[in-house]
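Chemist: Dropping the structure in here first, questions after.
The values are calculated or read from the model by the stated rules, or taken from the named source; none is laboratory data. What you see is a predicted model, and the numbers here were worked out from it, not measured in a lab. Don't worry about glycine lacking a Cβ; one is built from the backbone with ideal geometry, like all the others, and counts go over all protein chains shown.
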Amino acid sequence: MRRHLFLTGDVQVGKSTILRRVIDELDVSVSGFLTMAVPGVEGCSDIFLVDAKDPVCSEKCHLAHRVPGKMPEVHEEIFVAIGVPLLLNAKGPLILMDELGWMESSSYAFQQAVFAVLDGDVPVLGIVRDKRLAFLDAVRDHPAVEVLVVTRENREEMVDVVRERVLRMLV
């Protein structure tokens, strides 16, 4: 069995909801990171890279500002200042990576931290964007990673599937 489990699928299909439901149901201690979107005015939103143990949004972890119809303004230094330490200092029993996507494409230090964790022994539960990019392809192709596709049709049953996989990973 593979040590790490990543969910992928369309945007807004429920991947993060599944991840959070499983963690809540299992009541397992986690480390790693979460990305959180906070809605603003006129369809804008702000994205924060936060500690999975203590998910508090603050200016120091403000990753991006999204304006409808435009590419998000990404503060790539947040991946190094916040993301790298969250990953390299992560401890078991379970590490979260919610989510890996295109914004990390230029942050090689963050990518190296992701692969250092994937090469380790602590199980990872994460989400990887369904995009063809070298970094994301390498995560999906990592020998210790299993990827499950979440769809609108299977998302309810995926809660049970993911819960069972995580329970096996934790043994």
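Chemist: Filter segment 9-29 down to the residues that are in a loop (DSSP other than H, G, I, E, B) and either of a type outside the set (Ser, Thr, Tyr) or on the phi > 0 side of the Ramachandran plot (or both) and list them by number.
Modeler: Those that are in a loop (DSSP other than H, G, I, E, B) and either of a type outside the set (Ser, Thr, Tyr) or on the phi > 0 side of the Ramachandran plot (or both): ASP10, VAL11, GLN12, VAL13, GLY14, ASP27, VAL28.
Chemist: Here are some residues: SER31, SER45. Which one is surrounded by 13 or more Cβ atoms within 10 Å (Cβ to Cβ), at pLDDT 95 or above and closer than 19 Å to VAL114 by Cα?
Modeler: SER31
Chemist: From the list LEU5, LEU26, which residue is touching a Gly at 6+ places or on another chain (Cβ under 8 Å) and within 18 Å of GLU146 (Cβ to Cβ)?
Modeler: LEU5
Chemist: Which members of segment 1-16 meet the condition of being in contact (Cβ under 8 Å) with a residue 12 or more places away in the chain and within 24 Å of VAL74 (Cβ to Cβ)?
Modeler: PHE6, LEU7, THR8, GLY9, ASP10, VAL13, LYS15, SER16 - these are the residues of segment 1-16 that are in contact (Cβ under 8 Å) with a residue 12 or more places away in the chain and within 24 Å of VAL74 (Cβ to Cβ).
Every residue, every condition in (1) surrounded by fewer than 19 Cβ atoms within 10 Å (Cβ to Cβ); (2) outside any loop (DSSP other than H, G, I, E, B); (3) hydrophobic (A, V, I, L, M, F, W, C); (4) in contact with a strand residue (DSSP E or B) (Cβ under 8 Å, 6 or more places away or on another chain), yes or no:
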residue	(1), (2), (3), (4)
GLU104	no, yes, no, no
PHE110	no, yes, yes, no
PHE115	yes, yes, yes, no
ASP121	yes, no, no, no
ASP130	yes, no, no, yes
LEU136	no, yes, yes, yes
VAL139	no, yes, yes, yes
VAL149	yes, yes, yes, yes
ARG152	yes, no, no, no
